[in-house]
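Structure, as structure tokens:
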Amino acid sequence: MEDHYTNCAKQRPNQRRLQRRQHPRAPPYYNDIVIGAVCCRIDTSENQLRLYIMTLGCLQPYRRLGIGTVMLQHVLRICDKDANFDNVFLHVQINNDGAIRFYEKFGFEIVEEKQNYYKRIEPADAYVLQKSFRVTNNNNQPASEETTSNNTDMMES
Ligand SMILES: CC(C)(COP(=O)(O)OP(=O)(O)OC[C@H]1O[C@@H](n2cnc3c(N)ncnc32)[C@H](O)[C@@H]1OP(=O)(O)O)[C@@H](O)C(=O)NCCC(=O)NCCS
């Protein structure tokens with residue numbers, strides 16, 4: 001992570017006073033506790049170059065403080081710098097309304113519903129959330145040079 005969170009003396013997380021300092025590859029910390037993590041891998045399914053978000057999460061007491069945003073912006077910045085990714089995607093449980101709202105805020109859309117995707121949790125169905133960087137035709141070939149969105153604009157939203 002590019003951003004390393006650290007707290008100031010007597011500050012509480014719900015006071016939205018987490019401070020950022022530059023720290024390459026450091027996960028978000030609060031009082032020396034890792035409070036969030038994100039893990040991605042490159043995926044070449046559907047004849048596309050895709051970044052798959054395997055997991056992105058923040059400990060419950062530290063949610064709605066912008067930490068998920070920092071982690072997702074980090075992922076999107078990678079896509080922006082590489083400029084070859086067609087899209088970034090992930091799976092989310094269909095009842096995970098908070099996460100769906102979170103990703104939608106950054107331009108992700110539900111593109112598929114997968115029945116019985118999860119083996120050990122209920123509901124077992126998942127949505128595929130995706131943010132596309134290129135317009136593709138039905139054969140997943142680039143339809144034009146035009147991108148569907150500008151990552152930098154999105155990151156500032
Ligand atoms: C989804 C998750 C990562 C969001 O992290 P976060 O640090 O709470 O997110 P942020 O504080 O950056 O939220 C940014 C915006 O997303 C939206 N958002 C985030 N959580 C939301 C929720 N539960 N309900 C509605 N909107 C939500 C809001 O618009 C929020 O802005 P606001 O707080 O100013 O209203 C976090 O809830 C989490 O760890 N969930 C469990 C793991 C998970 O479900 N991961 C998704 C699958 S990979």
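The values are calculated or read from the model by the stated rules, or taken from the named source; none is laboratory data. Bear in mind that the values here come from a model prediction, so they are computed numbers and not experimental data. Neighbour counts are summed over all protein chains in view; Cβ atoms, including those assigned to glycine, are modelled from backbone coordinates with ideal geometry.
Listed values, structure above:
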quantity	calculated
Residue count for the range 88-112, restricted to those that are part of a loop (DSSP other than H, G, I, E, B), near the ligand (Cβ under 10 Å from one of its atoms) and surrounded by fewer than 17 Cβ atoms within 10 Å (Cβ to Cβ)	1
ARG25 vs. criteria at pLDDT below 85, within 20 Å of the chain's Cα centre (by Cα), surrounded by fewer than 11 Cβ atoms within 10 Å (Cβ to Cβ) and among the basic types (Lys, Arg)	yes
Residue selected from the range 50-65 under the condition part of a loop (DSSP other than H, G, I, E, B) and surrounded by fewer than 17 Cβ atoms within 10 Å (Cβ to Cβ), by the criterion farthest from the ligand (Cβ to nearest atom)	LEU59
Cβ pairs under 6 Å, 6+ apart, first in the range 68-93 and touching a residue at least 60 places away in the same chain (Cβ under 8 Å), second away from the ligand (no atom under 13 Å from the Cβ) and among the aromatic types (Phe, Trp, Tyr)	CYS79/PHE85
Of all residues making up the range 63-114, the number that are within 17 Å of CYS39 (Cα to Cα) and polar (S, T, N, Q)	3
